[in-house]
1. At a Förster radius of 22 Å, what calculated FRET efficiency corresponds to the Cβ-Cβ distance of B:GLU152 and A:ALA66, to the nearest 0.05?
2. Given only helices, namely DSSP H runs of n ≥ 4 each adding -39500 (n - 2.57), what is the per-residue ellipticity at 222 nm of chain B, to the nearest 500 deg cm²/dmol?
3. 222 nm [θ] for chain A, helices only, -39500 (n - 2.57) per DSSP H run of 4+, per residue, to 500?
4. What is the order of B:GLU206, B:GLU183, fewest Cβ neighbours within 10 Å to most?
5. From the residues A:THR138, A:GLN158, A:LEU261, which one has its Cα farthest along the dipole of chain A in the positive direction, the dipole being from +1 and -1 charges on Cβ of Lys/Arg and Asp/Glu about the Cα centre?
6. What distance in nm lies between label points placed 7 Å from Cα along the C-beta direction at A:LYS276 and B:LYS124?
7. What spacing in nm lies between the two simple spin-label points modelled at A:GLU42 and A:ILE173, each 7 Å away from Cα in the Cβ direction?
8. Give B:LYS150/B:LYS187; A:LYS221/B:LYS172; A:LYS107/B:LYS23; A:LYS68/B:LYS172; B:LYS45/B:LYS278 a once-over and call out the pairs whose C-alpha atoms are over 26 Å from each other.
Amino acid sequence: MHYKTRSDKWFDVINYIFLGLVGLCMIFPLLYIFSVSFSTMEDFVQRDIILWPSNWDLGAYKYIFATKTFGRAMLVSICLTAVVTFFNLCMTSTMAYAIIHRFTGSKLVLRMVVFTLLFSPGLIPSYLMVRNLGLINTYWALILPGAISTFNLIVIRQFFQGLPKELFEAANIDGANELQIFWRIALPLSKPALAAFTLFYAVDAWNAYFNVILYMNDTTKWTIQVVLRQLVIVSPPDNNLLSSLLRDPPPSQTIQMAAVLIATLPILVIYPFLQKHFAKGVMLGSVKG
Amino acid sequence: MPKKMTAVSRFNSEHSTKSLRTKLWSERYIFLLLLPGLIYFLTFKIIPIFGNVIAFQEFNPFKGIWASDWVGFANFRRIFEDSEVLRVLRNTLYISFMQIVFVFPAPILLAILLNEVANEKVKKFIQSIVYLPHFFSWVVIISISMIFLKPEGIINQVLQSFGYDWVSFMTKPHLFVPIVIVELIWKETGWSTIIFLAALASINNELLEAAVMDGANRWKRIWSIIIPSISGTIIILIILRLGTVLDSGFEQIFLMLNPFNKEIGNVLDTFVYEKGIKQSDYSFSTAVGLFKGVVGLVLVLGANRIAKRFGHDGLF
């Protein structure tokens, strides 16, 4: 396909323009929010559409970090994401490794796992379970109920199953028990897959908000996503109220945009790493039987 | 004769219990690895399923499941008599259907156009941009769209600069579904191209070269070779999506709901949350949830079976 007709060239031109516009649509909202969040009040009022801040202003960010709520929520989110990711990974990989084996009742366990992929207990019974366990308003309510994603479990199991059996057998002959084989052989060999799932679990943990709304009445334990929801979607800060409280307040619009950016920042930071791994993760997912 | 049989069978059973015990002992490390996951599944995925029995009760949280009064199917009868539930069901089906019509085709188009990009670097670059929104939380995405759609937001500024009147996007019920659709397209189109790009990558190159020899241009190749080649994948995915027609995207819609759009925007999942958690009407909302779960299960199994009939592996 070396030569190109004129219509082919036209196709290429139109295609590049179209894809460029699609890319722009994806990037523009972020760029706009970034620019406005760093702009001054005057610029925001005077200029119709800000594409790049002309006078850099950190007022919105200063305001956000001066409020107790936001800093605390940030801290809660960071710690929770770390704990949840680590916990989910431990829970998922141990169970995934166990169910590649044939043991007494293994078929029953596998059927149970597949069944939960098809039928979930529903919101109210799950909520009542968490409440009966006394987890409401504790961080356990955000850690335990989502410990294993059935889909991830099946994909990691598939990955373990693809590892060469000979290695396991050799280790077995050398006197290693299953715990040692899991720790010394299966896990090190699965590093790329585990890295992909670490990132996926971390993104999910960082983005989670509904479980917080469901299980946390105590607003001091809110995560950043819930605080953002409060700040932008439920009750936006009032410009008049702000100016009655502060002498030189940033406009509520820039505060909101700064908050959006802060809540997105970790995703943007890990995205380059994520990108390297998710192709692998998705491919693993599509191999799933 | 009968005596002998008992003797034999006793011997067998003794043998098997002994071997079962040694077998279990030899599997002890596996069970150790299995145990945390098993406890998790039983506690949060299996036992709560039995909690659904409160749909058949007049559940009183103070009495608990064991002491609450049984009412049979009364709560389910209420579903079909309650005009609000019927409206919510209609909303769910409408939003889901509109998603299938408008959101589903977008990644197919994008994947075909991306596939036509010969320059690998350009292709990779565009891909990494369009995948990005998939990783943002729904809170971030709804926040961005609300900032954009506010009366003094950028979209209204643009409308006004072209001489149009400003629109109060978030309070107009008839704009609710279009906004849901656009947000969903923005978030997921790029990510959903992955599966179609994989299908496109498996098209036989000789077929395309033969078409070039026959003088087919790009448009013709797309129409008569590329689209037919991936139509199998498209059909399977549509069937499987139809199987989840009662799911209209809980998180997104939950965040979008406000008093102005509740009439059209309330879907089964948000209804269950509001009735059950907010108003503590546990039994009725559990009945609605169970109704949705069972219908959903039947639809998914049906869709999977049809997908298999189309010569695909299906999901399970």
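None of the figures in this text is laboratory data; all of them are computed from the coordinates on show. What you see is a predicted model; the values in this text were computed from it and never measured. Counting neighbours? That spans all protein chains shown, and the Cβs are built from the backbone with ideal geometry, glycine included.
1. FRET efficiency, B:GLU152 to A:ALA66: 0.30.
2. Counting only the DSSP helices, I get -21500 deg cm²/dmol.
3. -22000 deg cm²/dmol
4. Fewest-to-most Cβ neighbours within 10 Å comes out as B:GLU206, B:GLU183.
5. The one lying farthest along the dipole's positive direction is A:GLN158.
6. About 1.3 nm separates the two model spin labels.
7. The two pseudo-label positions are separated by 8.1 nm.
8. Those over the limit are A:LYS221/B:LYS172; A:LYS68/B:LYS172.
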